[in-house]
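Okay, so here's the structure we're looking at.
Just so you know, all these numbers are worked out from the coordinates, no wet-lab data involved. Nothing here was measured: the structure is a model prediction, and the numbers come from that model. In this analysis, Cβ positions are derived from the backbone assuming ideal geometry, glycine residues included, and neighbour counts consider all displayed protein chains.
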Amino acid sequence: MTLDMRRVIDPDTYFDHNLPPTNLQWAHDEVDRFVKSQSPDQRIVLVTSGGTTVPLENNTVRFVDNFSAGTRGSSSAEQFLAQGYAVIFLYREHSLQPFNRNYSHNTRGILSYLERTSEGQIRVKREWEEKMGRDLDLYQKYTGSKLLMVNFTTLSDYLFLLREVSLLVASLGPRVMFYLAAAVSDFFIPSHSMSEHKIQSAGGDLTLRMNQVPKFLRPLVKNWAPLCFIVSFKLETDPELLGPKARHALEKYGHQVVIANMLDTRKCQVWLFTKEASDPAIIQISKEDQDAGRDIEQDLVEELDRRHQQYISNGQQQ
Ligand code: 9Z3
């Protein structure tokens, strides 16, 4: 299979040529309700998490996936809640979710946390009781009132939902943060160019022509939510590219923060780029702290919280 990735599509025309997800209206109504139920000074964050898929057929049997387990997004969502934010969690279906993440995706499987008592009842094993109890309490405390979950699968789902949520929260201005941790495909096949049915193997090798995904950060920053505090992520595997690409994104889109991370060190080191500072701030966490159960997202979110508060008070002074 070879990939040919050349043609560029305008962000505005993307939505005319691709189908919206089936949960778009539901998401619209839920986000609207969620936002209206918050107090007037409540800070809100949209956390995006997990990877988008790009289907190869309209009746999809095969798709190209983007790397992301959803650790960054789900751990950050927990941290934002702890910092007092209301969180809209836009996540890839079946990727990690806040509070559930510690039990759902490990090699053990959910049943390994449970046992049957001599009376025949099912209960959580003693060694997990305390931690699971804490996560359950937090999950129940926040869900619905301070945590709203909306799921996507494909790139197209993600982009429609991102635009919808952006337009709904935009009027709240600086007190809304966008934390765009989802891993979003750079290439796709438009619906009208895709094979309708399963691509057949009888013809031998497969050559795919994929279009470049329009750069949605531009309309997001300029038109959809121009007053909000926007944090994007830059993922690279070549260390030489990371800094220049992060800085380029900041200059090109003019938003507030780019968080740069390398694939293999993303859990222990990130660089925070802003327009104001010539050098990035480094946030890192030691192996010992990680082993003790601390996530880098704790420090990252605390730092962003500080910067967001500053952004809000700067806006109020103007
Ligand atoms: C990230 O860089 C995230 O930190 C990770 C998190 C996907 C690496 P995990 O979910 O991984 O904890 O397993 N997200 C953004 C990736 C991305 O698609 N960025 C685009 C780019 O690099 C810009 S929006 O061009």
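Of the DSSP beta bridges with both residues in the chain, give the percent that are antiparallel, rounding to the nearest 5.
Roughly 30 percent of the DSSP beta bridges within the chain come out antiparallel.
Mind checking the dipole of the range 2-317: about its Cα centre, +1 per Lys or Arg Cβ, -1 per Asp or Glu Cβ, Debye to the nearest 20?
Values: 36 positive and 40 negative charges, 58 e Å.
With Lys and Arg at +1 and Asp and Glu at -1, about 280 debye.
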Label residue 121 and residue 60 with points 7 Å out from Cα along Cα→Cβ: what is the distance between them in nm?
4.3
Distance from a point 7 Å along Cα→Cβ of residue 143 to each backbone N in the range 79-117: keep the residues under 13 Å and list them by number.
97-101
Just rank 245, 36, 141, fewest to most, by other beta-carbon atoms within 10 angstrom.
36, 141, 245
Please report how far the C-alpha centroid of the range 34-92 lies from that of the range 200-217, rounded to the nearest whole angstrom.
26
Lys/Arg Cβ at +1, Asp/Glu Cβ at -1, dipole of the chain taken about the Cα centre: which of 31, 239, 117 is farthest positive-ward?
31
Between 79, 212, 200, find the one with the highest GNM mean-square fluctuation for the chain; connect C-alpha pairs within less than 10 Å.
200
Where chymotrypsin sites (Phe, Trp or Tyr not before Pro) fall in DSSP loop in the range 48-138, at most 13 other Cβ within 10 Å:
67
In whole Hz, what ³J(HN,Hα) sequence does the range 42-50 give by Karplus (6.51, -1.76, 1.60; θ = phi - 60°), x for Gly and Pro?
5, 7, 10, 10, 9, 9, 9, 8, x
Tell me, which longest segment in the chain has none of the GluC sites (Glu not before Pro) that fall in DSSP loops with at most 15 further Cβ atoms within 10 Å?
1-92
Ordered by residue, what ³J(HN,Hα) values in Hz, to whole numbers, does the range 113-118 give under the Karplus form 6.51 cos²θ - 1.76 cosθ + 1.60, where θ = phi - 60° and Gly and Pro are x?
8, 10, 8, 9, 7, 5
Whole-Hz ³J(HN,Hα) for each residue in the range 181-189, computed from phi via Karplus 6.51 cos²θ - 1.76 cosθ + 1.60 with θ = phi - 60°, x for glycine and proline: what do you get?
8, 4, 8, 9, 4, 8, 9, 7, 10
For residue 292 paired with residue 114, estimate the spin-label separation in nm (one decimal), with each label point 7 Å from Cα along the Cα-to-Cβ line.
3.5
Which of the trypsin sites (Lys or Arg not before Pro) across the range 76-136 are loop residues per DSSP, with 12 or fewer other Cβ within 10 Å?
108, 125
Here the FRET efficiency for residue 132 versus residue 314, based on Cβ atoms and R0 = 51 Å and rounded to 0.05, is 0.75
Inter-site label distance for residue 67 and residue 252 at 7 Å from Cα along Cβ, in nm:
2.0
Using 0.36 nm per residue of separation minus the Cα-Cα distance, give me the extension gain between residue 268 and residue 171 in nm, one decimal.
31.4 nm
For the range 191-318, what class follows from the C-alpha gyration tensor (a ≥ b ≥ c being the square roots of its eigenvalues): rounded when a/c is under 1.5, otherwise prolate if a/b is larger than b/c, else oblate?
oblate
Size of electric dipole in the range 99-205: Cβ of Lys, Arg +1 and of Asp, Glu -1, about Cα centre, debye, nearest 20:
420
